[in-house]
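The values are calculated or read from the model by the stated rules, or taken from the named source; none is laboratory data. None of these values were measured; they are calculated from a predicted model. Note that we place each Cβ from the backbone using ideal geometry, even for glycine, and neighbour counts take in every protein chain shown.
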Amino acid sequence: MNHKEPTVKGVSCFLILCLFSSMMPGITSTATIRQLSFPEQSTLDRSSDILQMIQQVNASHLQTYIQNIQDFGPHPTGSAACDAVGAYLYETLDSFQLSVRYDPWRYKLRTGNNIIATLPGDPDDTSIVIVSAHYDSLKISPGANDDGSGVAVVLAVADIMSKHSFNSTVRFVLFSGEEQGLLGSHEYAQNASRNKDHIIGDLQLDGVGYAVTSDDGNKIEHHANDQSVWMIDLSTNIATLYHEEIGLEILRLPHVVFSDHQSFVDYHYAASYLWEYASTPYYHTSEDTLEHMNITYLAKVCKLTLGTLASMAELHPRLTNNDIGISIKGQILAKPCQFRIRIENKEPQLDSANVTINIAMRNLRTHQYVIVQLHTHNLTCNWTFTKEITTYWEFQTLGRQYTSQLISLEVSVTGIKDDVSLYATQRSIGVILGRSIYLIPT
């Protein structure tokens with residue numbers, strides 16, 4: 001019997017290739033799989049420390065910071081006004097008893113200074129969390145909302161967090177050169193990558209103080225790429241846990257490239273972007289002034305930022321994305337179709353992995369979930385599990401009968417609890433033929 005097995009497999013593979021070849025013209029424009037949406041996790045508990053910090057947010061302090069920045073007038077990178085704003089910000093951060101330094105950068109013919117204030121974490125913990133904004137403006141704009149609003153939040157958060165201790169080192173970073181093409185942040189992220197800085201994530205604020213209606217004032221956009229979506233999960237948790245204190249609904253949105261978080265993404269760091277819900281008509285104009293801002297709304301954003309950043313900094317992640325392995329295998333058995341998924345913790349001696357596992361099987365042409373016929377019931381092939389993985393965890397379907405079709409089997413692992421920085425995905429495409437599943441890892 002053994003000498004016949006290669007022939008059977010060869011015929012099966014030939015049939016698969018023929019089926020794929022015949023259907024490829026129909027799937028060329030629809031092969032992109034829709035991004036999985038992760039369920040919101042209520043895995044954090046209310047913290048008395050975070051609650052106390054949130055309650056210290058003072059709207060009048062935010063207003064004063066913005067007024068002081070606006071009083072310098074337009075302050076584009078390289079101008080005397082920009083240098084004066086930088087000096088004011090340096091002195092303000094220094095007054096919080098933080099370690100502050102200028103971080104000069106040069107890009108072609110342009111030069112500028114980033115301003116970095118550091119709150120050291122546990123000496124045995126090399127992880128770094130960053131909250132950032134840009135302090136330069138356009139030549140015609142006093143930059144109250146773009147991005148005095150983000151700068152004011154960074155200052156307020158630095159003042160409050162400086163009185164507490166965290167596992168991770170926290171950096172409060174104010175960039176210049178943003179309006180000329182993310183220049184300051186690019187140089188910063190590039191240097192961090194060269195130095196192999198262990199940056200968990202950067203939370204960027206850029207234009208977070210404009211709201212007119214009550215609906216505007218109750219929503220905030222949070223943008224992130226797939227690798228940084230855990231930051232949206234975390235901010236959503238904070239907004240839920242402290243809803244009465246914060247009063248914001250988080251809108252989970254895809255990645256955008258037009259602010260300084262993009263520089264961190266370019267160097268493979270997690271980074272996300274908080275952005276006001278309403279569109280301001282004063283963007284990049286001489287009317288970008290304090291009178292057109294909503295300080296009550298800005299205070300909400302400040303509370304959300306504070307809670308999110310404090311939660312990130314309290315984490316002590318010992319596992320990284322590289323320590324999580326996903327393997328997907330199809331099985332050809334003499335019974336209805338099966339497949340097996342194995343999630344591996346490659347460093348069990350360091351830590352267990354607290355994760356949510358999403359498994360979805362979709363029709364490759366329609367992107368709809370595959371329906372399995374199990375006895376007399378139809379079940380949707382979309383599963384979610386919350387697990388603490390010490391060494392490995394496996395998922396295997398029982399004998400099931402599917403209709404023949406091209407499929408995509410998608411697996412994602414996203415961290416929860418003390419492992420929110422974990423994120424890994426794997427996808428296999430394949431075909432169901434008769435009573436067998438054939439999967440081709442990609």
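Hey, can you tell me all the residues within the range 95-111 that are hydrophobic (A, V, I, L, M, F, W, C) and part of a strand (DSSP E or B)?
Those that are hydrophobic (A, V, I, L, M, F, W, C) and part of a strand (DSSP E or B): Val100, Trp105.
Against the definition (crowded, with 21+ Cβ neighbours inside 10 Å and more than 21 Å from the chain's Cα centre (by Cα)), how does Ile407 come out, yes or no? Don't jump to the end; show me each part of the working.
Working: crowded, with 21+ Cβ neighbours inside 10 Å: yes; more than 21 Å from the chain's Cα centre (by Cα): yes.
When the stated conditions are applied, Ile407 passes them.
With the structure loaded, tell me whether Leu306 is assigned by TED's automatic domain parsing to the domain that holds Val57, surrounded by 17 or more Cβ atoms within 10 Å (Cβ to Cβ), under 30 Å from Ser48 (Cα atoms) and in contact with a Ser or Thr (Cβ under 7 Å, 6 or more places away or on another chain) or whether it fails that test. It would help to see each step written out before you state the result.
Details: assigned by TED's automatic domain parsing to the domain that holds Val57: yes; surrounded by 17 or more Cβ atoms within 10 Å (Cβ to Cβ): yes; under 30 Å from Ser48 (Cα atoms): yes; in contact with a Ser or Thr (Cβ under 7 Å, 6 or more places away or on another chain): no.
No.
Can you tell me which condition Val85 does not meet? The list is (1) over 16 Å from Ala158 (Cα atoms); (2) touching a residue at least 60 places away in the same chain (Cβ under 8 Å); (3) surrounded by 17 or more Cβ atoms within 10 Å (Cβ to Cβ), and all the others hold.
So Val85 meets the others, but not (2).
Ile140 passes all but one of (1) aliphatic (A, V, I, L, M); (2) in contact with an Asp or Glu (Cβ under 7 Å, 6 or more places away or on another chain); (3) surrounded by fewer than 23 Cβ atoms within 10 Å (Cβ to Cβ); (4) under 26 Å from Ser286 (Cβ atoms); which number fails?
(2)
Check Thr77, Thr92, Thr64 and return the single one that is in the same structural domain as Gly177 (by TED's automatic domain parsing), under 25 Å from Ala192 (Cβ atoms), outside any loop (DSSP other than H, G, I, E, B) and among the polar types (S, T, N, Q). Reasoning before the result, please.
On the way: Thr77 fails: outside any loop (DSSP other than H, G, I, E, B); Thr64 fails: under 25 Å from Ala192 (Cβ atoms).
One residue alone meets the criteria, Thr92.
Check His243, His268 and return the single one that is modelled with pLDDT under 95 and surrounded by fewer than 21 Cβ atoms within 10 Å (Cβ to Cβ). Even if it seems obvious, please write down each step before you answer.
On the way: His243 fails: modelled with pLDDT under 95.
Being modelled with pLDDT under 95 and surrounded by fewer than 21 Cβ atoms within 10 Å (Cβ to Cβ) holds for just one of His243, His268, which is His268.
Only one of (1) surrounded by 20 or more Cβ atoms within 10 Å (Cβ to Cβ); (2) of a type in the set (Asp, Glu); (3) under 21 Å from Val170 (Cβ atoms) fails for Glu276. Which number is that?
All conditions pass for Glu276, except number (3).
Given the criteria hydroxyl-bearing (Ser, Thr, Tyr) and more than 23 Å from the chain's Cα centre (by Cα), does Ser149 qualify?
Details: hydroxyl-bearing (Ser, Thr, Tyr): yes; more than 23 Å from the chain's Cα centre (by Cα): no.
Taking the combined requirement at face value, the residue does not satisfy it.
Taking only pairs six or more apart or across chains, which ones have beta-carbon atoms under 6 Å, a first residue in the range 131-158 that is charged (D, E, K, R), and a second residue that is assigned to a helix (DSSP H, G or I)?
Every condition considered, the pairs that remain are Asp136/Cys82.
crowded, with 16+ Cβ neighbours inside 10 Å, aliphatic (A, V, I, L, M) and within 30 Å of Ser168 (Cα to Cα): does that describe Ala360?
Values: crowded, with 16+ Cβ neighbours inside 10 Å: yes; aliphatic (A, V, I, L, M): yes; within 30 Å of Ser168 (Cα to Cα): no.
The answer is no for Ala360.
Read through the list (1) touching a strand residue (DSSP E or B) at 6+ places or on another chain (Cβ under 6 Å); (2) outside any loop (DSSP other than H, G, I, E, B); (3) more than 20 Å from Leu274 (Cβ to Cβ), then give the number of the only condition that Ile128 fails.
(3)
So, restricting to strands (runs of 3 or more DSSP E) that lie completely within the range 326-442, which ones have at least 2 residues that are touching a residue at least 40 places away in the same chain (Cβ under 8 Å)? Talk me through it step by step, then tell me what you get.
Numbers: elements: 338-345, 353-363, 371-374, 377-380, 382-389, 392-396, 405-415, 423-433, 436-441.
The qualifying strands (runs of 3 or more DSSP E) are 338-345, 353-363, 382-389, 392-396, 405-415, 423-433, 436-441.
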